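Okay, structure first, notes after.
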Amino acid sequence: QVQLVESGGGLVQPGGSLRLSCAASGSFFSINAMGWYRQAPGKQRELVATITSGGNTNYADSVKGRFSISRDNAKNMVYLQMNTLKPEDTAVYYCNGRIRLTVMVVFYDYWGQGTQVTVSS
């Protein structure tokens, strides 16, 4: 069974920084893309950033220049460094992994349970 577990959320003042981590565990063949999504109250879940196994990244326009995604393939982990945080960044942040379970080239999406990020003075 594959699990994604996030950590690092919390309360931070505007302009502050947080670093989210996500660890993938369980039995699988490989991990393709990994990413972070967020969902604010009353809003749909939205993409924040993604990173491929080769290190190519993609960011939502709202976080470009402030957030940085990275991964450690050896540890099956993905990180999100969030700087210059704004109140509108307040949301539950979810880790996503596109995971290949066996030698068959079929990928499945797995999600973490989410971690709350609150930006407030």
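The values are calculated or read from the model by the stated rules, or taken from the named source; none is laboratory data. These numbers come from a predicted model, not from an experiment. Cβ atoms come from the backbone with ideal geometry, glycine included; neighbour counts cover every protein chain shown. The area values use the complete protein model at the heavy-atom level, side chains included, leaving out ligands, DNA and RNA. Shrake-Rupley method; radii C 1.70, N 1.55, O 1.52, S 1.80 Å.
A search for C-beta distances below 9 Å between a residue of the range 100-121 that is in contact (Cβ under 8 Å) with a residue 40 or more places away in the chain and any residue that is open to solvent by 100 Å² or more (accessible area, probe 1.4 Å) and of a type in the set (S, T, Y), counting only pairs 6+ apart in sequence or on different chains, returns R100/Y108; L101/Y108. Restricting attention to the range 73-104, the residues that are open to solvent by 10 Å² or more (accessible area, probe 1.4 Å) and either touching a Cys at 6+ places or on another chain (Cβ under 6 Å) or part of a strand (DSSP E or B) (or both) total 8. Condition first: part of a strand (DSSP E or B), farther than 18 Å from E6 by Cα and of a type in the set (V, I, T). Can you find one or more residues in the range 47-66 that meet it? So far as the range 47-66 goes, yes, one or more of its residues are part of a strand (DSSP E or B), farther than 18 Å from E6 by Cα and of a type in the set (V, I, T). Taking the stated definitions as given, is V119 more than 15 Å from the chain's Cα centre (by Cα), of a type in the set (V, I, T) and more than 17 Å from L20 (Cβ to Cβ)? No.
Check the range 41-54 and report whether any residue there is within 15 Å of D72 (Cα to Cα), under 16 Å from the mean Cα position of the chain (by Cα) and among the hydrophobic types (A, V, I, L, M, F, W, C). Yes: one or more hits.
So that you can scan it fast, the table gives a plain yes or no per residue for (1) open to solvent by less than 50 Å² (accessible area, probe 1.4 Å); (2) in a loop (DSSP other than H, G, I, E, B); (3) touching a helix residue (DSSP H, G or I) at 6+ places or on another chain (Cβ under 9 Å):
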residue	(1), (2), (3)
L11	no, no, no
I31	yes, no, no
P41	no, yes, no
Q44	no, yes, no
